[in-house]
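A short worksheet on the structure shown next.
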């Protein structure tokens with residue numbers, strides 16, 4: 001498998017360059033190209049790994065996303081798979097499941113595919129929404145200067161406060177995060193992965209959210225000895241420790 | 001399909017009576033036999049309906065549960081299916097899926113079965129845990145006097161307060177419940193049921209929780225015009241409006 005990191009695409013590169021492999025995954029990166037942190041891009045990357053597909057990664061900073069494929073959308077991940085360009089991590093997972101039915105299933109059937117939509121919404125609305133308030137200034141700090149300016153200008157109105165104010169007092173909110181994660185804690189009494197005995201895309205949905213925090217922030221959200229911490233470690237071990245190879249912030 | 005309501009079993013009835021059909025579902029009831037309110041029993045009942053299986057219902061008040069099948073457990077639902085006695089709504093759903101593979105699937109494959117475990121934990125830990133604090137005195141009020149005494153004595157230590165105090169100020173907690181239900185709200189933008197185009201056991205998990213509140217309490221938790229309210233109405237319509245036939249409290 002190849003995971004080339006060839007820096008951030010310029011407009012000319014994106015449109016004129018012949019890809020090395022037929023699949024290209026555009027991901028969000030910080031000032032360092034290897035610091036890819038988007039939870040959505042991690043979901044897509046884990047889905048590609050699960051399917052055992054080769055792909056080339058193109059780390060892309062915030063202010064370069066619009067140049068990738070203006071027709072596809074303004075957010076990463078974007079997957080170019082042959083002549084298909086797919087924007088949005090959910091659409092990417094659906095595409096991979098449909099296009100590569102003979103590879104390991106991401107959803108484990110129609111019921112799993114449908115249920116994953118609720119689990120995605122849970123990971124976003126119950127977990128990511130809390131975590132962003134605990135790491136948003138740290139995310140800012142790993143970005144290149146021009147991306148920092150964009151990030152602050154776009155995020156502070158959404159948060160209704162400064163990045164610094166959002167993150168302030170985060171230690172006091174760890175218990176609230178643990179309560180929000182209680183469903184996962186309870187589930188792990190029955191099975192080692194959301195996918196059952198082995199991981200499925202449902203695992204990557206929550207994993208992407210926690211890997212986002214691991215890559216972007218030094219703040220510890222989860223006790224690594226806890227059941228959820230142990231599940232996260234199992235996910236970091238997958239595919240020859242692929243996700244663990246990105247150093248924690 | 002037969003849904004006989006034959007009142008609450010006495011010890012003699014439970015052990016000596018020949019069942020009319022081979023399947024008997026023991027459910028929790030209030031002072032009125034038809035006021036079956038246990039969220040777990042509703043999950044099991046909907047699962048039986050989903051499978052299209054005949055069963056006889058035996059509404060059982062709290063203080064009679066121990067007499068049903070002491071070897072099976074001290075909580076309802078309990079399903080007696082031929083020579084099998086299964087306690088716990090999750091175990092009942094798994095049994096039905098295994099024992100009746102040619103009937104409509106409850107989980108839609110292995111991925112759905114595994115994902116349902118997280119959704120069950122979410123319904124319990126994120127939703128039921130909030131709702132109980134809003135309806136616990138109303139539950140008490142629908143019980144027969146001997147069950148009221150048991151209920152108060154067992155629940156108040158768990159709640160750390162009186163039933164009345166738990167329920168007080170519940171109007172102020174509706175926004176918190178709506179936030180907890182946000183994953184469902186978001187999911188419904190993509191599909192009409194957690195099961196996708198049609199309901200699966202994942203729907204019955206949350207439905208049981210909301211039907212518990214509908215049957216036990218007059219307090220309105222969900223706007224019937226909201227997306228979640230509309231989904232709940234669709235669930236009430238299932239199987240010839242089976243769950244709607246039980247009057248709201």
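Taking a label point 7 Å from Cα toward Cβ, how far is residue A:218 from its twins in the other copies, in nm, shortest first?
Those label-point separations list as 5.9 nm.
Hey, in the GNM for chain A with a 10 angstrom Cα cutoff, which one of A:49, A:186, A:177 fluctuates hardest?
Fluctuation is largest for A:186.
Averaged across A:121-134, how many Cβ atoms of other chains sit within 10 Å of each residue's Cβ atom?
3
Out of all DSSP beta bridges in the range A:11-99, what portion is antiparallel? Express it as a percent rounded to 5.
65
Measuring from a point 7 Å out along Cα→Cβ, what nm distances, shortest first, does residue A:82 have to its partners in the other copies?
Computed spacing set for this position: 4.8 nm.
Using the alpha-carbon centroid of each, what span in Å lies between the range A:138-188 and the range B:68-83?
Comparing the Cα centres of the range A:138-188 and the range B:68-83, I get a distance of 47 Å.
Can you report the principal axis dimensions of the protein assembly as shown using only the alpha carbons, biggest first, rounded to whole angstrom?
82, 49, 42
Cα centroids of the range B:197-224 and the range B:107-129: how far apart, whole angstrom?
15
With both bridge residues required to lie in the protein assembly as shown, what share of the DSSP beta bridges run antiparallel, to the nearest 5%?
Antiparallel bridges make up about 60 percent of those DSSP assigns within the protein assembly as shown.
Report for chain A the percent antiparallel among DSSP-assigned beta bridges with both residues inside it, nearest 5.
60
Helix-only mean residue ellipticity at 222 nm, chain A, DSSP H runs n ≥ 4 weighted -39,500 (n - 2.57), per residue, nearest 500. What is it? Don't jump to the answer; show the numbers that get you there.
Details: 11 runs with 120 residues, N = 249.
Rounded to the nearest 500, the figure is -14500 deg cm²/dmol.
Take each of the peptides A:239-247, B:204-212, average the number of other beta-carbon atoms within 10 Å over its residues, and list them starting from the highest.
By packing density, highest mean first, the sequence is B:204-212, A:239-247.
Calculated FRET efficiency, residue A:150 and residue A:71, Cβ-Cβ r, R0 22 Å, to nearest 0.05? Before the final figure, lay out each step's value.
Numbers: r = 21 Å, r/R0 = 0.97.
About 0.55, to the nearest 0.05.
Which whole number gives the average, over all residues in B:184-194, of C-beta atoms from other chains lying within 10 Å of the residue C-beta?
4
Looking only at B:237, B:81, B:102, which one moves most when chain B is put into a Gaussian network model with springs between Cα atoms under 10 Å?
Checking each option, the largest mean-square fluctuation is seen for B:102.
Within 10 Å of each Cβ in peptide A:202-211, how many partner chain Cβ atoms are there on average? Round it to a whole number, please. Present the calculation step by step, with values, prior to reporting the outcome.
Working: counts 6, 3, 0, 0, 1, 0, 0, 0, 0, 0.
Partner-chain Cβ atoms within 10 Å, mean over residues of A:202-211: 1.
For chains A and B related by rotation, which residue of A has the Cβ nearest the axis, and what is the rounded distance in Å?
A:109, 1
If neighbour count is taken as other Cβ atoms inside 10 Å, put B:161, A:189, B:137 in order from fewest to most.
A:189, B:161, B:137
Once the label point is set 7 Å along the Cα-to-beta-carbon vector, what list of distances in nm do you get between residue B:54 and its counterparts in the other copies?
Distances between equivalent label points, in nm: 6.1.
Read-outs: derived from the displayed coordinates by stated rules, not from any lab. Just so we're clear, the structure is a prediction, and the values are computed from it rather than from any experiment. Heads up, the Cβs are rebuilt from the backbone with ideal geometry, glycines too, and the neighbour counts pull from every protein chain shown.
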